[in-house]
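Asker: If you scroll down you'll find the structure; I have some questions about it.
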Ligand SMILES: Nc1ncnc2c1ncn2[C@@H]1O[C@H](COP(=O)(O)OP(=O)(O)O)[C@@H](O)[C@H]1O
Ligand SMILES: [Mg+2]
């Protein structure tokens, strides 16, 4: 479904990703794990078109997306839930969701998508007239995911969804992501919460200083040294 | 102060008339302030040249109506159309190439355009004051005298502001404009082409300048320094209300217009402006983020 080959990218003179190859098949849940500063966020930014890759190619369902701008990539069915959520804090929950359905194709199915999001996250329905900025951290993350679902994506990119959440909420959030997955969405998730995320996904990549160091099935990777270290370290 | 006290005691009607005129002036000022603030909210650039664009529309309305004999409504429509074109033109030609430059360069670029327009207007049309001569009556409301043109301008300004409110809250593109003013990058992740949002914003801002031009030309004469007369007060209102804060700009417009109008009756018009600017400076020390900013 999604295929990256030989991708490198960076900021100014700085290179944050080196020769990355990555593949996500339809229906899969895949994680990218790695320490802070490894380039995980940069990788998702390249996929969603926020930054253009320097080299390499990117394709989605057979269409070449290399170098396409973010607003075009959404139209191909990739939704990016960015690091730090990036909600519109002064807009209501309902308006945030409405903006998720900004594309004409998504607008046409607005009511249906909204019912689906409210079905997954009932608390958003109760809070729909509230400003997004007034929600709790967990609710804000639900809204960020709900907003992404409003564009009717096939693939969802999640950048550290558990960031800044209380431990109880982290567990709940992973359960909610499981629910999203059960709805048939393909998921590529970036996490530092290695243990938890490996229980959620089918496969994972380990990214370190901009390079893929390891890749494999989640249950295999769970046995690896780096997971134990991460578990102790974080 | 004794003048003010005098007026309150001896001629309260005159004071009430000044307050009413202030309210009416505030409507048109609010239109300009909202347009400037809308653009600032989305692009983070203060179009210092904004009121000068309105001035160009005023000239167009003057020439079409007064010289070529068009009906006023047709002239006004042309003025609004010119405002839209100028808004889009400024964005594409001046702002787009420097969108990622430091703010000071952006300010200088729109400031340069301001002096260019002023000089060009002086060169083309001299420093003559030109006005559209309307035979609108002065009407009496409860013993106070109000110019009918002012009243019409106020009512239309309010109607347009209600329209702007509905546009910004009810439509997808209007809501997207508010969203972009909160997070520029995230709206692209929703599938919105940022450049398209910028162009729509600049066009709406330009249209508001055009509407303001139509409402100003029936009250004031136009001259090459019209922008210099109304530009600073418009900018000041935006800062006072909090740059980018639409509600703040709306309220600040009326605060400022009341000070100018009442100060004008009690002392003189010039004194009204002096008080308004002095208050502005004081408030900037007390509340640098605008009157509605949360205290740090
Ligand atoms: N906007 C930016 N400008 C310059 N350097 C950046 C920017 N964003 C990230 N970086 C750098 O790129 C590297 C990878 O960052 P990032 O992709 O955010 O890592 P991660 O998400 O894995 O923590 C880091 O060294 C970081 O300092
Ligand atoms: Mg990151």
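Bear in mind these aren't lab numbers, they're just calculated from the coordinates by the rules spelled out. This is a predicted model, so every value here is computed, not measured. Positions of Cβ are backbone-derived with ideal geometry, glycine not excepted, and every protein chain shown enters the neighbour counts.
Asker: Mind telling me which of B:131, B:101, B:268 comes out most flexible in a GNM of chain B, alpha-carbon contacts under 10 Å?
Answerer: Among B:131, B:101, B:268, the largest GNM mean-square fluctuation belongs to B:101.
Asker: Does the protein assembly as shown come out rounded, prolate or oblate by the C-alpha gyration tensor, with a ≥ b ≥ c the root eigenvalues, rounded set by a/c under 1.5 and, if not, prolate when a/b is larger than b/c and oblate if not? The partial results should precede the final answer.
Answerer: Values: a/c = 2.67, a/b = 2.26, b/c = 1.19.
Prolate is the answer for the protein assembly as shown, as a/c is 1.5 or above and a/b outweighs b/c.
Asker: Among A:11, A:185, B:59, B:165, which comes first, second and so on when ranked by fewest other beta-carbon atoms within 10 Å? Before the final figure, lay out each step's value.
Answerer: Working: A:11 10, A:185 18, B:59 21, B:165 15.
With the sparsest Cβ surroundings first, the list reads A:11, B:165, A:185, B:59.
Asker: Rg and Dmax of chain B over Cα atoms: what are they, in angstrom?
Answerer: Here Rg and the maximum Cα pair distance are 19.4, 63 Å.
Asker: Let me ask something else. Shape verdict for region A:58-213, please, from the Cα gyration tensor: rounded (a/c under 1.5), prolate (a/b greater than b/c) or oblate. Can you show the working numbers first?
Answerer: Details: a/c = 1.70, a/b = 1.12, b/c = 1.52.
Because a/c hits 1.5 or more and a/b fails to exceed b/c, region A:58-213 counts as oblate.
Asker: Let me ask something else about it. Within a 10 angstrom radius of each residue's Cβ in B:168-176, how many Cβ atoms of other chains show up on average? Whole number is fine.
Answerer: On the way: counts 0, 3, 0, 0, 9, 1, 0, 8, 5.
That average works out to 3.
Asker: As a test of the formula, what do you get for the protein assembly as shown when each DSSP H run with n ≥ 4 contributes -39,500 (n - 2.57) and the sum is divided by the residue count, at 222 nm and rounded to the nearest 500 deg cm²/dmol?
Answerer: Computed mean residue ellipticity for the protein assembly as shown: -18000 deg cm²/dmol.
Asker: Further question: Figure the gain on full extension for residue B:166 and residue B:16 (residue separation times 0.36 nm, minus the Cα-Cα span) and round it to one decimal in nm. Don't jump to the answer; show the numbers that get you there.
Answerer: Values: separation 150, 0.36 × 150 = 54.00 nm, distance 3.20 nm.
Stretched fully, the residue B:166-residue B:16 segment lengthens by 50.8 nm.
Asker: Angle between the Cα long axis of helix A:167-182 and the longest principal axis of chain A, 0 to 90 degrees, nearest 10?
Answerer: Approximately 90 degrees, to the nearest ten.
Asker: Quickly work out the residue A:172-to-residue B:98 label distance, labels modelled 7 Å from Cα along the C-beta direction, and quote it in nm with one decimal.
Answerer: According to this spin-label approximation, the distance is 5.0 nm.
Asker: Quick check on the protein assembly as shown: of the DSSP beta bridges with both residues there, what percent are antiparallel, nearest 5%? Don't jump to the answer; show the numbers that get you there.
Answerer: Working: 26 of 44 bridges.
Antiparallel: roughly 60 percent of the beta bridges in the protein assembly as shown.
Asker: Using only the Cα atoms of region B:51-224, build the gyration tensor, take square roots of its eigenvalues as a ≥ b ≥ c, and label the shape rounded, prolate or oblate: rounded if a/c is under 1.5, else prolate if a/b is larger than b/c, else oblate. Intermediate values should be presented prior to the final figure.
Answerer: On the way: a/c = 2.48, a/b = 1.45, b/c = 1.71.
Since a/c reaches 1.5 but b/c is at least a/b, the shape of region B:51-224 is classed as oblate.
Asker: Let me ask another. Does anyone have the angle between helix B:246-266 and the longest principal axis of chain B? Alpha-carbon axes, 0 to 90°, nearest 10?
Answerer: So the inclination is approximately 30 degrees.
Asker: On a 0 to 90 degree scale, rounded to 10, what angle separates helix B:172-182 from the longest Cα axis of chain B?
Answerer: Long axis of B:172-182 versus the principal axis of chain B: about 90 degrees.
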